[in-house]
Amino acid sequence: MSAAGDAILAALPRSGEEPRVCPYLMAGFPDPEGTADLLLAAEAGGGAVLEVGIPHSDPLADGPTIQAAGRLALARGMTTRIALAQVAKARTRGLRVPVVCMTYLNPVAQFGLEDFCQAAAAAGVDALLVPDLPLEEMEELEGAASRAGLALCTMVAPTTPDRRLTLAATRATGFVYCVSRTGVTGTGDPTEGASLLERVRALSDRPLVLGFGVRRRSQVVSLTGLADGVAVGSRIVEAARGDDPAASVREVVAELCGR
Amino acid sequence: MNVPGRLIVTAPPPRGRYGEFGGSFVPETVVPALQELEAAAVEALGDPRFLADFYGLEAGYAGRPTPLHHARRLSVRAGRPVWLKREDLLHTGAHKLNNALGQLLLAQRMGKHRIVAETGAGQHGLATATACALLGMECIVYMGREDMRRQAVNVAKMKLLGARVEPVGDPAATLKDATSEAIRDWVTNVRDTHYVIGSVVGPHPYPWLVRTLQSVIGSEARAQMLELTGRLPEVVVASVGGGSNAIGIFAAFLEDADVQLLGVEAGGRGPEPGAHGASLGLGTPGVLHGSRSYILQDPDGQVLPTHSISAGLDYPGVGPEHANLMATGRARYVALDDRQALDAFHLLTRLEGIIPALESSHAVAAALRLPDGGGPILVCLSGRGDKDLETVLGREPK
Ligand SMILES: Cc1ncc(COP(=O)(O)O)c(C=O)c1O
């Protein structure tokens, strides 16, 4: 296991306590140079692992909130390079928690898989999560990530049969991202994810992060004993729309963490 | 006798690869459904009862075989014989119905009764809505707001047929946005929903499945050429949006090394980024809507806007098999612009009494630009132009 994988494991311990909160931020939203501030705010609010989304013109797995944020970021000039530079900036300003870069395949493919992994690792990214890269197509990125010392997270869904769950769990060097229900980000009821979490848990000792549709603290608490982390996306992105994005992001993350 | 051409059934390419193109790049939620679809399609295409149902609908409902017309006055213009494969005479007015009928029979067999589709020109949406009415299935069609405006007649028809037409995106949204939204619906409702993609694009097995269902065009046209002219065409020409009518007709001639294959993309207003839909001619390899092919994108991998006078060619991607046919040199691709397509639209209308779809007009325009004096040209006349009258008349000097 890579050092990056270890950092994620350490940040998402299996403890029987409530799951750790993993806030998702759209890089470049609401403005390209503000992402470092928001990362630091999310950490200050209590985020255990941060997910940074690279905006894409055609985000197939995203619902309206994250789509709109990505579109705005692109319109304001956000690029993959600026996103990585913002992570690096947050690191120099003291960001300590692991960062997972969530990106669709095409921006990474155009950057070059090898170059992207090296640049992401140099910027202080710990792991990658690529929602449109299924297990069957992962090998090339797996190699590039491992050469760069990056961990790779895999995704599973309620429709994933057990045979593939096992495969996803063995291939993950970071966490296993469990999609709470069939759908896109921002939709769904996370309690529907319970049976999926139980199925993966029986097959794997990787950290399990549940995502899609988590908005409230009560939902986080209800996943105690089931998930090691919960990803919260649309709710955080909504918070970043306000007049003082950093303050709102910090406040919402703190609320989700019960602080 | 009303006997439709036979489908050209090949084994699905391993992992959906056409050379370095193709594949399946989609969220995990739908991966099991795609694997199921591939298995179900292989099984159905090997089942004589399924094929009998399909050919039965093609002959008795859709109107196959479609005629092959010797366009005599157009041939004089071209300086060589031109033959038109009349997919415009298929029920609903375009080749899209071949695919919709086949996929809906398959969906029925798989026990899926909710159908989603994307549409650009509205022809695929119309074909899907029609087949859903025939087979009693629920139909939701996603369509970009710009396309809803310029293809209003097809929107009205889809609604009459009982489909729900969901407007997508901002006022400029077209086929790309509609496709993304249809995929999101499918990701959400995958358990009871079949996604009927309208062209040879998308994740494996769609490019293979749609090609197989459209190969009825090529196998008919090849037999008709042999019967009526005693020879094969020298060139086969077809318009390329996603590439389904083109692959459908090319499929029968791939092994005929002497037959040239020519695909025609949308040159739009010119070669500047955002002004055309020439993915093969001016794009670069990338991943869009689940497969690797040529796409129109910026250096960061963001997909660019497109333009064509023809909604069906207004798309920043193209089927992966076309990308590979271009890479291997087996087929050649050119782009013709809005003006050239419009000129061909009027020419065919006046010379042959056939009002073509603007998509098909691109193919006619390319045929007229081939050197004269050569052997016969076979053009896939993929659809009729009723849906485009408003666009064309709006362009005429008052
Ligand atoms: C008449 C007609 N021809 C061609 C096309 C382009 O699609 P494809 O390239 O898949 O044949 C369309 C698409 O809407 C169409 O309606």
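The values are calculated or read from the model by the stated rules, or taken from the named source; none is laboratory data. None of the values given here were measured: they were computed from a predicted structure. Quick reminder, even Gly has a Cβ in these numbers, built from the backbone with ideal geometry, and neighbours come from all protein chains shown. Note: accessible area is taken over every heavy atom of the protein model, side chains too, but ligands, DNA and RNA are not part of it. Shrake-Rupley method; radii C 1.70, N 1.55, O 1.52, S 1.80 Å.
On a full-extension model of 0.36 nm per residue, what is the gain between B:Val76 and B:Thr284, subtracting their alpha-carbon distance, rounded to one decimal in nm?
Gain on extension, B:Val76 to B:Thr284, equals 71.1 nm.
Based on the mean of other Cβ atoms within 10 Å per residue, sort peptides B:11-21, B:239-249, A:57-67 so the most packed one is first.
Taking the mean over residues of other Cβ atoms within 10 Å, the ranking is B:239-249, A:57-67, B:11-21.
Which of rounded, prolate, oblate describes chain A, given a ≥ b ≥ c as roots of the alpha-carbon gyration tensor eigenvalues and a/c under 1.5 marking rounded, otherwise prolate only if a/b is larger than b/c?
rounded
With a 1.4 Å probe and all protein chains left in place, how much of the accessible area of the range A:62-201 comes from carbon and sulfur atoms, in whole percent?
52 percent
Which order do you get for B:Thr229, B:Thr193 if you rank them by accessible area with a 1.4 Å probe, largest at the top?
B:Thr229, B:Thr193
Could you compute the net charge surrounding B:Val287? Neighbours are other residues with a C-beta less than 13 Å from the C-beta of B:Val287; K and R count +1, D and E count -1.
-4
Mind checking the mean number of beta-carbon atoms from other chains within 10 Å of the Cβ atoms in B:31-38?
Across B:31-38, the average partner-chain Cβ count within 10 Å equals 3.
What is the range A:139-259's relative contact order, in percent, from Cα pairs under 8 angstrom and six or more apart in sequence?
19 percent
What relative contact order, as a whole-number percentage, does chain B give when Cα pairs under 8 Å and 6 or more residues apart are counted?
Computed value for chain B: 20 percent relative contact order.
May I ask you to rank B:Trp83, B:Trp208 by accessible area, largest first, using a 1.4 Å probe over the protein chains only?
The most accessible residue leads, giving B:Trp83, B:Trp208.
Can you give me the solvent accessible area of A:Leu167 with a 1.4 Å probe, rounded to the nearest 10 Å²?
The value for A:Leu167 is about 70 Å².
For A:Arg216 and A:Glu140, what is the calculated FRET efficiency with R₀ set at 30 Å and r taken between the beta-carbons, to the nearest 0.05?
My answer for the efficiency is 0.15.
Counting Lys and Arg as +1 and Asp and Glu as -1, what is the net charge of the other residues whose Cβ lies under 14 Å from the Cβ of A:Glu136?
-1
Averaged across the residues of A:44-51, what count of C-beta atoms belonging to other chains lies within 10 Å of each residue's C-beta?
Counting other chains' Cβ atoms within 10 Å and averaging over A:44-51 gives 0.
Taking square-rooted eigenvalues a ≥ b ≥ c of the alpha carbon gyration tensor, is the range B:1-91 rounded, prolate or oblate, where a/c under 1.5 means rounded and, failing that, a/b exceeding b/c means prolate?
Oblate.
Total Å² of accessible surface buried at the A-B contact, 1.4 Å probe, nearest 100?
Answer for the A-B pair: about 2800 Å² buried.
To the nearest 10 square angstrom, how much accessible area does B:Cys132 have with a 1.4 angstrom probe?
0 Å²
What distance in nm separates the two pseudo spin-label positions at B:Arg15 and B:Asn2, each 7 Å out from Cα along the beta-carbon direction?
4.5 nm
For the full complex of protein chains and a 1.4 angstrom probe, list B:Leu37, B:Leu175 by accessible area with the highest value first.
Largest accessible area first, the residues go B:Leu175, B:Leu37.
For the range A:95-157, compute Rg over Rh where Rg is the Cα radius of gyration and Rh is the Kirkwood radius from the inverse mean 1/r over Cα pairs.
0.94
In percent, what relative contact order does chain A have, based on Cα pairs under 8 Å that are 6 or more apart in sequence?
The value is 27 percent.
I need the P(r) histogram for the protein assembly as shown: all alpha carbon pairs, bin width 10 Å from 0 out to the longest distance, whole percents.
In whole percents, the pair-distance histogram is 3, 17, 26, 23, 16, 10, 4, 1, 0.
Could you pull out the pairs from B:Lys85/B:Lys387; B:Lys96/B:Lys159; B:Lys85/B:Lys112 whose alpha carbons sit more than 28 Å apart here?
Over 28 Å Cα-Cα: B:Lys85/B:Lys112.
I need the P(r) histogram for the range A:121-171: all alpha carbon pairs, bin width 5 Å from 0 out to the longest distance, whole percents.
4, 19, 30, 23, 13, 7, 3, 1
Which shape class, rounded, prolate or oblate, goes with chain B when its Cα gyration tensor gives a ≥ b ≥ c as root eigenvalues, a/c under 1.5 marks rounded, and past that a/b bigger than b/c marks prolate?
The shape class here is rounded.
Radius of gyration and Dmax for the range A:1-114's Cα atoms, expressed in Å?
Every Cα atom of the range A:1-114 included, Rg and Dmax give 14.4, 43 Å.
Mind checking the mean number of beta-carbon atoms from other chains within 10 Å of the Cβ atoms in A:179-188?
That works out to 4 on average.
Starting with the highest mean, order B:296-309, B:349-362 by the number of other Cβ atoms within 10 Å, averaged over the residues of each peptide.
Result, highest mean first: B:349-362, B:296-309.
Starting from a Cα-only point model with no solvent, please compute log10 I(q)/I(0) by Debye for the range B:116-255 at q = 0.20 1/Å.
-1.14
Can you give the calculated 222 nm mean residue ellipticity of the protein assembly as shown, where each DSSP H run of n ≥ 4 adds -39,500 (n - 2.57) and the sum is split over every residue, rounded to the nearest 500 deg cm²/dmol?
Rounded to the nearest 500, the figure is -13000 deg cm²/dmol.
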